[in-house]
Amino acid sequence: RNSAVPPYKTMADFAPSTGVIIESPGFLPNESGLKNLLLLANMSGMADRVSARKAMITLGLDPDDKKPVGKYSLGQRQRLGFAQAFMENPNVLILDEPFNAMDKASMEEVHDLLQKFKSQGKIIILASHSAADIQKACDVVYEMENGELTLASQKA
């Protein structure tokens, strides 16, 4: 083992109280949405059944629906990803292409939720190729081109 390389756990550390949505959230396809959230809540210890149910309802999902996630539409899975990120009430949200497969009405609802989240003094980091989503959701915009990060715009 190379002593210059820190132990794995150090390399995996990141800010506490962080919610994350990756481009295509992965869930157990044979379990319900609520069961998936409860499994994740049990692993983190940061959420419970009440917060998981509330997050699903907030995102327009029925926590009592027994349908397995594998039968969800892409938009429903994306909403479940938001519910997972919101259920722990994090201080920081990291969103990677969060609006993929969402219809216009769903996108508007989520943008409203992000504004509420932001009004609570929380931080949202959004990676997106959609100029409209960036303009609507972001106060500070950086662009990555040829491996360089540059400030593109900042709201006053």
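The values are calculated or read from the model by the stated rules, or taken from the named source; none is laboratory data. The shown structure was predicted, so the numbers you read here are calculated from the model rather than taken from an experiment. Ideal geometry is used to build each Cβ from the backbone, glycine not excepted, and the neighbour counts take in all protein chains shown. Heads up: the accessible areas ignore ligands, DNA and RNA and are worked out on the full protein's heavy atoms, side chains in. Shrake-Rupley method; radii C 1.70, N 1.55, O 1.52, S 1.80 Å.
Around the Cα centre of segment 5-156, unit charges on the Cβ atoms of Lys, Arg, Asp and Glu (plus for the first two, minus for the last two) sum to a dipole of about 560 debye.
The portion of the accessible surface of segment 46-120 made up by carbon and sulfur, rounded to a whole percent, is 52 (1.4 Å probe; DNA, RNA and ligands excluded). Entry comment: accessible area of the chain is 63 Å² per residue, from protein heavy atoms only and a probe of 1.4 Å. Restricting the trypsin sites (Lys or Arg not before Pro) of segment 47-156 to loop positions (DSSP other than H, G, I, E, B) with no more than 16 neighbouring Cβ atoms within 10 Å leaves LYS66, LYS122, LYS155. The distance between label points at ASN91 and LEU151 comes to 2.4 nm (points 7 Å beyond Cα on the Cα→Cβ vector).
Determine, from the Cβ-Cβ distance of HIS129 and ARG49 and an R0 of 35 Å, the FRET efficiency 1/(1 + (r/R0)^6), rounded to the nearest 0.05. Result of the calculation: an efficiency of 0.45.
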